[in-house]
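These notes concern the structure reproduced below.
Each reported figure results from applying straightforward, stated rules to the coordinates on display, with no laboratory input. Because the structure is predicted, anything quoted here is derived from the model rather than measured. Note that each Cβ is placed from the backbone with ideal geometry, even for glycine, and that neighbours are counted across all protein chains shown.
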2 protein chains.
Amino acid sequence: MHNDATTKILLSESEMPRRWYNLVPDLPTPPPPVLHPGTLQPVGPEDLAPLFPMALIEQEVTSQRYVDIPDAVLDVYRLWRPSPLFRAHRLERALGTPARIYYKYEGVSPAGSHKPNTAVPQAYYNAVAGIRRLTTETGAGQWGTALAFACAQFDIACEVWQVRASYDQKPYRKLMIETFGGLIHPSPSELTAAGRAVLAEHPDSPGSLGIAISEAVEVAAQHADTNYALGSVLNHVLLHQTIIGEEALLQLAKVDAVPDVIVGCTGGGSNFGGLAFPFLREKLAGTMNPVIRAVEPASCPSLTRGVYAYDFGDTAGMTPLMKMHTLGHDFIPDPIHAGGLRYHGMSPLISHVYELGLIEAVAKTQRECFEAGVRFARTEGIVPAPEPTHALAACIEEALRCRDTGEEKVILTALCGHGHLDLPAYGRYLAGDMEDRELSDETLAAATAALPRVPA
Amino acid sequence: MHNDATTKILLSESEMPRRWYNLVPDLPTPPPPVLHPGTLQPVGPEDLAPLFPMALIEQEVTSQRYVDIPDAVLDVYRLWRPSPLFRAHRLERALGTPARIYYKYEGVSPAGSHKPNTAVPQAYYNAVAGIRRLTTETGAGQWGTALAFACAQFDIACEVWQVRASYDQKPYRKLMIETFGGLIHPSPSELTAAGRAVLAEHPDSPGSLGIAISEAVEVAAQHADTNYALGSVLNHVLLHQTIIGEEALLQLAKVDAVPDVIVGCTGGGSNFGGLAFPFLREKLAGTMNPVIRAVEPASCPSLTRGVYAYDFGDTAGMTPLMKMHTLGHDFIPDPIHAGGLRYHGMSPLISHVYELGLIEAVAKTQRECFEAGVRFARTEGIVPAPEPTHALAACIEEALRCRDTGEEKVILTALCGHGHLDLPAYGRYLAGDMEDRELSDETLAAATAALPRVPA
């Protein structure tokens, strides 16, 4: 069925994994606990109950290695899953590399990214728990779109606060969220105390994921029939995303390929974790030994330049404290085009894995990323979202190294979304109207000076 | 492998058809010849040679039932083909219909529509013939995007004239064409005599496909290294699109389904012909007996209200005369959102098949179409392009009839593209800011009064 010319390595629906993978029990040491910001003691389920249904709270702290995917979730997944794994024949030829490049493409989903993998189960568990509305934040808009679609499947309402910079740069996202039946506001907004506080000080604030989280959490906490949904960072979100890596393992096995290098882009970490964790399981078990590399934007480099410390997940300080690589919870990232990577922190689980030395991290500036995106579009026929162009830039860098050394490495990456709604950013890149901005030492020092004090 | 819950019926790349199907030799009578506008005699290959390479001219008039697809074209097709056939379980449930609805989804292609099926072979045959640049027109922008992508695969230049109404309504299309390396102008433009003539009389002209064709043809005719490529209407274009229907036949056979009703939207006719012709072959052979129904916009209803007569393919009268259902070559359709359906004529081959009584046709107003599009998006997770919402509206109408009668019909339709770049039209529909416009008898009479006179 597969041969050297095969481009798309497909799984049938009957081959779709029926459980998610939890990395935690396989790690040599567990990640540090999440702390209550008042008591500085580990949070319990009751602390999270105002925002999340119990099923998700259990998944957040489970020590089971596998969690069964409910049938109602599998039923929605089948609209686009299993997603295809592509061999990038045409990109390889254009690069003149002996490396084999594979990309797992999540842009076939309703939202056009990997986000529905967790939006659908989150909407499902909330609907089963009797919740009638979900609130959330969104950066580039991928997550808001995913949650609006997911809520429509289980007949609950969806209200989205979108980071102002992206809301203005990408007007089509708003329209897609509305087409799926969601309600959307730019953030900061006048609708919440958190938003009003920011606007009072910075009327022209471009917003940030941290601010938008504060707004969505505030509204959810005030209404009994309303919960909050987060699109990245948390353990249960990364758990749901592991279906990406589980499928990729099955697909690579069909062509007898074992990855030497895995690269993925990181914002909050859900796409990267979703791809990497099942391979990390294999690496820890000794069945393969890939280099696993996270790629982040140079203007928001939490892993490569952030502090590993307890910090809030949002700007207003309403969330529990998580130990993670952070640029400081009131850091407002430069409005780069990869809105989905504009988060001050990093998933605590990925931060922990990074501290354990199980993964690497690099940072890329945006022009190199868009150059990779255009090269990819012209050879492979898919215009990538700005976020995965970071992974593609690192992927191309690795493939060109192989061209120089003659190594026939197997490179695996996640093309976590298409860029159809991000075309204005391509327009600016093609017009030569795009700047590279790196985080200055002064800005970093100022932003991390105000981290909450937590005794060791 | 397939069962009742199966959503996506997939073919492996090795199952992809390796030849296109030509309906002409299977018809009871051949279609009327294309005429030279000066001599009124049938055109010969030499008349078309200034615009097309000989390989495509041969395909235009071939009497072979099948044409082999070149390996270099199959190699590019594999980036997205075979395309998936979906069973619309969730739409069926929402409608409460006993009908089974299947949709063949062409939005997985690089351009997001069926257009690359013919753009790739057209670019290939031109490149092989030594051509260095292709010019073309585009309406909604799907065709221009497809040709820009295809030209990039064979290293030739691509220059696109886009109908002004769509150029202004859908700015993302321009950016996508440029991302693939194409050059784009709004039409009418000051770059051609045809464009300047229109602008002199109507400085604010919204343009039309007919005008844009005149501009692209004019430039191609003036340069030896430049040819013209048409995205619909002609026999060779419909030939290339038959891979859609050939795949759908194989896919339906995998689930033992035989279509009772086939519906497709028609602008120039290439999507409809691509889906329908292989099924028409089966119908003519007596192996199945589907009703085959074309769906067109009420504001540009060439099949249901046009005249069946010889007319020009473009506005300026530069093309040969084709016998087709036409609203008159200087008819400028209302700027409806389904830009891809704004063509004054209909493929001569589909017109002929319609005259033979082998297919039906209906017209739909745009609000009914967008209502169908939103319903489809919320259930099936794909935001359709405005063009296929016409087919979906007819599909839903048929499924609701089945709900009333209890008939378990098998309905097949072509979802010929996604609507990611058409979201402003959804925004206007959702805001209640969209009008239904039907063609008036007076406008029709005026537009068809000036048809060229051709002795019977």
Of B:Val67, B:Val374, B:Leu356, which is farthest on the positive side of the dipole of chain B, counting Cα position, with +1 on Lys and Arg Cβ, -1 on Asp and Glu Cβ, and the Cα centre as origin?
B:Val374
Show the residues, 5+ positions off or on another chain, whose built amide H is closer than 5 Å to the amide H of A:Gln162.
A:Thr138, A:His185, A:Ser187
Flagged as over-length at 20 Å C-alpha distance, from A:Lys104/A:Lys409; B:Lys115/B:Lys323; B:Lys8/B:Lys170; A:Lys254/A:Lys409, the pairs are B:Lys115/B:Lys323; B:Lys8/B:Lys170
Ratio Rg/Rh [Cα only; Rh per Kirkwood] for chain B:
0.94
Of A:Leu412, B:Leu358, how do they rank once you tally other Cβ atoms within 10 Å and put the fewest first?
B:Leu358, A:Leu412
In Hz, Karplus ³J(HN,Hα) per residue of region B:149-157 (6.51, -1.76, 1.60; θ = phi - 60°; x = Gly, Pro)
4, 4, 4, 4, 6, 10, 6, 10, 7
Antiparallel bridges, percent of DSSP beta bridges restricted to the protein assembly as shown (to nearest 5):
35 percent
Let's test the formula: R0 of 22 Å, r as the Cβ-Cβ distance of A:Lys254 and B:Arg18. What FRET efficiency results, to the nearest 0.05?
0.45
Hey, what did chain B get for relative contact order, percent, Cα under 8 Å, at least 6 apart?
19 percent
Using a Förster distance of 60 angstrom, determine the FRET efficiency expected from the C-beta separation of A:Ala129 and B:His36, and round it to 0.05.
0.25
In peptide A:170-177, how many Cβ atoms from other protein chains are near each Cβ within 10 Å, on average?
4
If amide H atoms are built 1.01 Å from N in the plane of the peptide, which residues on other chains or at least 5 residues away come under 5 Å of the amide H of A:Tyr66?
A:Asn22
Using alpha carbon centers only, region B:352-375 is separated from region A:236-275 by a whole-angstrom value of 43 Å
What is the Rg over Rh value, at two decimals, for the protein assembly as shown, using alpha-carbon atoms and the Kirkwood definition of Rh?
0.98
Hey, how many Å between the Cα centroid of region A:98-142 and the Cα centroid of region B:390-443?
27 Å
Explain nothing, just compute: Karplus ³J(HN,Hα) = 6.51 cos²θ - 1.76 cosθ + 1.60, θ = phi - 60°, for every residue of region A:237-248 in order, whole Hz, x for Gly and Pro.
5, 5, 3, 4, 6, 5, 4, 4, x, 4, 5, 4
Tell me, what is the percent relative contact order of region A:305-350, built from C-alpha pairs under 8 Å that lie six or more residues apart?
33 percent
Per the beta carbon screen (other Cys under 4.7 Å), unpartnered cysteines of the protein assembly as shown come out as A:Cys265, A:Cys300, A:Cys369, A:Cys395, A:Cys402, A:Cys416, B:Cys265, B:Cys300, B:Cys369, B:Cys395, B:Cys402, B:Cys416
For the peptides A:43-50, A:346-353, what is the packing order when you average, over each peptide's residues, the other Cβ atoms within 10 Å and list the highest mean first?
A:346-353, A:43-50
What is the local net charge at B:Pro31, summed over the other residues whose Cβ is closer than 10 Å to its Cβ (Lys, Arg +1; Asp, Glu -1)?
0
Antiparallel %, DSSP beta bridges [both residues in region B:189-327], to 5
55 percent
Relative to the longest principal Cα axis of chain B, at what angle does helix B:209-222 sit, 0 to 90 degrees, rounded to 10?
50 degrees
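Per residue of A:111-118, how many C-beta atoms from partner chains lie within 10 Å of its own C-beta, taken as a mean? Intermediate results must be reported in sequence, preceding the final value.
Numbers: counts 1, 3, 0, 0, 0, 1, 0, 0.
That works out to 1 on average.
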What distance in nm separates the simple spin-label points at A:Glu355 and A:Arg93, each placed 7 Å from Cα in the Cβ direction?
4.8 nm
Arrange B:Arg196, B:Arg100 by Cβ neighbour counts within 10 Å, fewest through most, would you?
B:Arg196, B:Arg100
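For the peptides A:391-397, A:141-147, A:439-445, what is the packing order when you average, over each peptide's residues, the other Cβ atoms within 10 Å and list the highest mean first?
In descending order of packing, they fall as A:141-147, A:391-397, A:439-445.
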Obtain the nm distance between the two label points defined at B:Asp155 and A:His223 by a simple spin-label model: each point lies 7 Å from its Cα along the Cα-to-C-beta direction.
5.9 nm
Given an 8 Å cut-off on Cα distances and at least 6 residues of separation, report the relative contact order of region B:158-261 as a percent.
22 percent
